[in-house]
2 protein chains.
Amino acid sequence: MARRVAKPPASADLDARKATILEAVVTEHIDTAQPVGSSSVASSADLSVSPATVRSEMVALEREGYLAQPHTSAGRVPTDKGYRYFVDHLSDATVGSAQQRQVAEFFAHVRGEVEDVLEQTSTLLSEMTNYTSLVVGAGHGHATILSAQLVSLDANHQLLVTVFSDGAVTKHSVFTPYAVMPSDVAEASRQINALLLGTSLEHRVQVPSRTDQVASLVRDAVATLHAESPTVEGEQVFIGGSSRVAEAFNGVETVRKVLAILEQELLVVSLVQDVLESGSSVAIGSEHGFESLASCALIVAPVTIDGQRAGAVGLLGPTRMKYREALAAAQLVSEQLSRHFIGEDERVQ
Amino acid sequence: MARRVAKPPASADLDARKATILEAVVTEHIDTAQPVGSSSVASSADLSVSPATVRSEMVALEREGYLAQPHTSAGRVPTDKGYRYFVDHLSDATVGSAQQRQVAEFFAHVRGEVEDVLEQTSTLLSEMTNYTSLVVGAGHGHATILSAQLVSLDANHQLLVTVFSDGAVTKHSVFTPYAVMPSDVAEASRQINALLLGTSLEHRVQVPSRTDQVASLVRDAVATLHAESPTVEGEQVFIGGSSRVAEAFNGVETVRKVLAILEQELLVVSLVQDVLESGSSVAIGSEHGFESLASCALIVAPVTIDGQRAGAVGLLGPTRMKYREALAAAQLVSEQLSRHFIGEDERVQ
DNA sequence: TGTTAGCACTCGGTAGAATCGAGTGCTAAC
DNA sequence: GTTAGCACTCGATTCTACCGAGTGCTAACA
């Protein structure tokens, strides 16, 4: 299972010049994917200081763990800690107006069931940023049951269809080794509905233990429903733009590892959950516990409905991802998504 | 949209020796991913003939388009046509007994809704073969409606929950700009159920055009359901082991392209459909119309229930994939899957 | 004391030359 | 028709030389 996400170490503040230099290195490396030398930092950043000075500062930054050198006589590359500092001291940015329009446009016209909206949102987010996006929908453990109905597929197979207050619908097939009469199914359906109405998966109901066939059908059906774990189940993940993984890394092996993680939905859910709970909105490199994602950074933003956490959106990219843009995009989309679900009532469809 | 899959050109039979040589080249190249030279063919294949003879045959095979030379002084590599001949003349093989056990084991214990079974099957298939697997579930356009029920989420939002004879359940939200009373919802629900019962999405019903509120709710709900395309919708794709794509190719760019295709579910469905309809069970290289999949081969096997096509399983790999094993696995799994759904009634759960 | 110019040094990357060898195509003999 | 023999091709590998970006150090400077 997912390891707890390390709380980002409250990085002691660097003095202004070191901070500027670090920022310059990070920015340029994100841009070029190349090690950054002292001279380009000296000329790019607006500290009027010679490369030599920059160099000696870089030595210090390297000693303190913010930068690393691939080899002597190469420029410097940010470490995870370096990225962390960069992200923590990022001035908030907003996304470009073109993208704002794109998002507004999207949410103005998106239609359909929650699942469809989430799925399309994941595509949107991935297309906006060119990173792989994760959209996690909340489970319905806390939602109350609005309707539970038993439908007969044939004499031995019934289907329990449950509608929840959050609009989720689940189905569970119930097999009976004995044939059940339609009238009994109808009766069981009535009883199940009466029994479950208003309850939630978190607070399970007692089923009266009579012994007739209808009662045992009711018992089987309710048991099948309750077999579902209220926390894990129903949490859906939509992954958008997984092909972007292949853009972000140039080693096929890294791509494979990352994809292998993304294949495991439960893992992805718990990963996003963990980062969210750590209170941070970014997990860089080894901060999340997954070795295979050591060269990845994950950005998350919660989706809330009425202040309740109702899911999250995320972006997965290389550690040298465009944090400012990606953060802004994730935040914008998560806000809009939250508003979308709250505001659904008011909007005329 | 997907281009029609070219019917594999009925490859004129090669004489026995050419066939043997071609087979040896294909087999070895699949194994080593390297161009194959005349001497290794001469020694491996059991034609007692010198490399020089093999060479002259290879020239002929190249002229006829079965083999290609990456450059002078390299060995030969099969072309798509070469693979096609190889596949067409493949002696049927069965999967190893260990894998047979694995499949039997899987189907003996797999439980849950159709979707879950299909999803797990895709994982199974991918793990058996180390290729990316595709499992396509049939749409429910032809299934009849067993129950249609309108559940009220709030005064303005109703949810139409429809149960089909194949066990599928769909939901469609219906928005009303005016508030609807619970009693009206219940009445509409009754009417909708009566109206839709026994119909299918292919054969749509006429809705009486009265003007009262209940009738307009009924009309809206049915219209929303019918807005769903009976052919395309409901066809689900489960992709297993997409990370295997990164194992199969060593160019990151190829990996990206293939993943980009896999992201588009509709494309994948129609791709599988097209190959299936072409009557062949394998599409090699450019045979399916997708340029981005030029270096891929796709194996498909239909899943049938009562002789009706009810979906398909597929395997996507490089053109130099292990056809014999992959074909056997796909066929075994598709048969077992078919049997699973038919046999569900008889098995005690 | 902090900054800077100067400089020797390191080391990855690139280019060119030499070499190797797997594999070919051709030819002549069987 | 088959095959041994052989010259030839050309990618891959190795080696060398060398370039140059970038460093660390030192000594001079403000």
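The values are calculated or read from the model by the stated rules, or taken from the named source; none is laboratory data. Computed from a predicted structure; not experimentally measured. Glycine also receives a Cβ, built like all others from the backbone with ideal geometry; neighbour counts cover every protein chain displayed. Heads up: the accessible areas ignore ligands, DNA and RNA and are worked out on the full protein's heavy atoms, side chains in. Shrake-Rupley method; radii C 1.70, N 1.55, O 1.52, S 1.80 Å.
Residues are listed down the side, and each one gets a yes or a no for (1) of a type in the set (A, V, I, L, M); (2) in the same structural domain as B:Met321 (by TED's automatic domain parsing); (3) under 19 Å from A:Asp166 (Cα atoms):
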position	(1), (2), (3)
B:Gln102	no, yes, no
B:His109	no, yes, no
B:Glu115	no, yes, no
B:Ser126	no, yes, no
B:Gln149	no, no, yes
B:Leu153	yes, no, yes
B:Phe175	no, no, yes
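Within segment B:116-125, identify whether any single residue is assigned to a helix (DSSP H, G or I), farther than 15 Å from B:Ile239 by Cα and modelled with pLDDT of 95 or more, and answer yes or no.
Looking through segment B:116-125, none of the residues is assigned to a helix (DSSP H, G or I), farther than 15 Å from B:Ile239 by Cα and modelled with pLDDT of 95 or more.
Determine if segment B:184-191 includes at least one residue that is more than 13 Å from chain A (Cβ to nearest Cβ) and among the hydrophobic types (A, V, I, L, M, F, W, C).
Checking segment B:184-191: at least one residue is more than 13 Å from chain A (Cβ to nearest Cβ) and among the hydrophobic types (A, V, I, L, M, F, W, C).
Let's see how each residue does on (1) within 10 Å of chain A (Cβ to nearest Cβ); (2) at pLDDT 95 or above; (3) surrounded by 19 or more Cβ atoms within 10 Å (Cβ to Cβ):
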position: B:Thr79; (1), (2), (3): no, yes, yes
position: B:Arg84; (1), (2), (3): no, yes, yes
position: B:Ser97; (1), (2), (3): no, no, no
position: B:Phe106; (1), (2), (3): no, yes, yes
position: B:Tyr131; (1), (2), (3): no, yes, yes
position: B:Ala143; (1), (2), (3): no, no, yes
position: B:Ser147; (1), (2), (3): yes, yes, yes
position: B:Asn156; (1), (2), (3): yes, no, no
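Conditions tested, residue by residue: (1) in contact (Cβ under 8 Å) with a residue 24 or more places away in the chain; (2) outside the structural domain of B:Arg320 (by TED's automatic domain parsing); (3) assigned to a loop (DSSP other than H, G, I, E, B).
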site	(1), (2), (3)
B:Leu47	yes, yes, yes
B:Val59	no, yes, no
B:His71	no, yes, yes
B:Ala74	yes, yes, yes
B:Val77	yes, yes, no
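Looking at A:Ile239, is it within 10 Å of chain B (Cβ to nearest Cβ), part of a strand (DSSP E or B), within 30 Å of B:Ala248 (Cβ to Cβ) and among the aliphatic types (A, V, I, L, M)?
yes
Listed residues A:Glu187, A:Glu228, A:Glu253, A:Glu277; which is surrounded by fewer than 21 Cβ atoms within 10 Å (Cβ to Cβ) and modelled with pLDDT of 95 or more? Steps first, please.
Working: A:Glu228 fails: modelled with pLDDT of 95 or more; A:Glu253 fails: modelled with pLDDT of 95 or more; A:Glu277 fails: modelled with pLDDT of 95 or more.
Criteria check complete, one pass: A:Glu187.
Kindly list the number of the only condition in (1) facing chain B (nearest Cβ under 8 Å); (2) within 21 Å of B:Thr144 (Cα to Cα) that fails for A:Val180.
Going through (1) facing chain B (nearest Cβ under 8 Å); (2) within 21 Å of B:Thr144 (Cα to Cα) one by one, A:Val180 breaks only (1).
Select from segment A:39-69 the residues that are among the hydroxyl-bearing types (Ser, Thr, Tyr) and more than 9 Å from DNA strand D (Cβ to nearest atom) and write down the one among them that is most open to solvent (accessible area, probe 1.4 Å).
Within segment A:39-69, the match that is most open to solvent (accessible area, probe 1.4 Å) is A:Ser48.
Give just the number: which of (1) modelled with pLDDT of 95 or more; (2) at the interface with another protein chain (Cβ under 10 Å from one of its Cβ atoms); (3) over 29 Å from A:Val252 (Cβ atoms) does B:Ser173 not satisfy?
(1)
Here is a yes/no grid of residues against (1) closer than 22 Å to B:Ala283 by Cβ; (2) part of a helix (DSSP H, G or I):
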{"site": "B:Arg17", "(1), (2)": "no, yes"}
{"site": "B:Thr20", "(1), (2)": "no, yes"}
{"site": "B:Glu23", "(1), (2)": "yes, yes"}
{"site": "B:Gln34", "(1), (2)": "no, no"}
{"site": "B:Ser40", "(1), (2)": "no, yes"}
{"site": "B:Val54", "(1), (2)": "no, yes"}
{"site": "B:Tyr85", "(1), (2)": "yes, yes"}
{"site": "B:Leu90", "(1), (2)": "yes, no"}
{"site": "B:Arg101", "(1), (2)": "no, yes"}
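For segment B:21-38: of the residues being among the polar types (S, T, N, Q) and near DNA strand C (Cβ under 10 Å from one of its atoms), which is most open to solvent (accessible area, probe 1.4 Å)?
Filtering first and then ranking leaves B:Gln34.
Can you report the number of residues in segment B:287-334 which are in a strand (DSSP E or B) and farther than 27 Å from B:Gly167 by Cα?
Within segment B:287-334, residues that are in a strand (DSSP E or B) and farther than 27 Å from B:Gly167 by Cα number 7.
Are any residues in segment B:20-38 within 17 Å of B:Asp88 (Cα to Cα) and within 14 Å of DNA strand D (Cβ to nearest atom), and if so, which ones?
If the condition is that a residue be within 17 Å of B:Asp88 (Cα to Cα) and within 14 Å of DNA strand D (Cβ to nearest atom), then B:Thr20, B:Ile21 are the ones that fit.
So if I check each of A:Val258, A:Val269, which one is in a helix (DSSP H, G or I) and more than 14 Å from chain B (Cβ to nearest Cβ)? Give the steps one after another, and end with the answer.
On the way: A:Val258 fails: more than 14 Å from chain B (Cβ to nearest Cβ).
It is A:Val269.
Being of a type in the set (S, T, N, Q) and open to solvent by 60 Å² or more (accessible area, probe 1.4 Å) is true for just one of A:Thr162, A:Thr121, A:Thr72. Which residue is that?
From the options A:Thr162, A:Thr121, A:Thr72, the qualifying one is A:Thr72.
Scanning for something open to solvent by less than 50 Å² (accessible area, probe 1.4 Å), among the small types (Gly, Ala, Ser) and over 16 Å from B:Glu119 (Cα atoms), does segment B:331-344 turn up at least one residue? I'd like the intermediate steps shown before the answer.
Initially, segment B:331-344 is screened for residues open to solvent by less than 50 Å² (accessible area, probe 1.4 Å), giving B:332-334, B:336-338, B:340-341, B:343-344.
Now restrict to residues that are among the small types (Gly, Ala, Ser): B:334, B:338, B:343.
Next, only the ones that are over 16 Å from B:Glu119 (Cα atoms) stay: B:343.
For segment B:331-344, residues open to solvent by less than 50 Å² (accessible area, probe 1.4 Å), among the small types (Gly, Ala, Ser) and over 16 Å from B:Glu119 (Cα atoms): present.
Looking at the structure I just gave you, is A:Arg219 charged (D, E, K, R), in a helix (DSSP H, G or I), surrounded by fewer than 17 Cβ atoms within 10 Å (Cβ to Cβ) and in the same structural domain as A:His157 (by TED's automatic domain parsing)?
So A:Arg219 does not fit the description; no.
Identify all residues within segment A:193-214 that are part of a helix (DSSP H, G or I) and more than 18 Å from A:Val161 (Cα to Cα); write none if there are none.
A:Gln213 - this is the single residue of segment A:193-214 that is part of a helix (DSSP H, G or I) and more than 18 Å from A:Val161 (Cα to Cα).
Quick check: is even one residue across segment A:298-319 within 14 Å of another protein chain (Cβ to nearest Cβ) and over 25 Å from A:Gln34 (Cα atoms)?
Yes - at least one qualifying residue is present in segment A:298-319.
Please go through segment A:168-192 and give me each residue that is in a helix (DSSP H, G or I), in contact (Cβ under 8 Å) with a residue 40 or more places away in the chain and of a type in the set (S, T, N, Q), ordered by number.
A:Ser189
Please state which one of A:Ile261, A:Ile239, A:Ile284 is among the hydrophobic types (A, V, I, L, M, F, W, C), within 15 Å of the chain's Cα centre (by Cα) and open to solvent by less than 10 Å² (accessible area, probe 1.4 Å).
Within the list A:Ile261, A:Ile239, A:Ile284, the selection yields A:Ile284.
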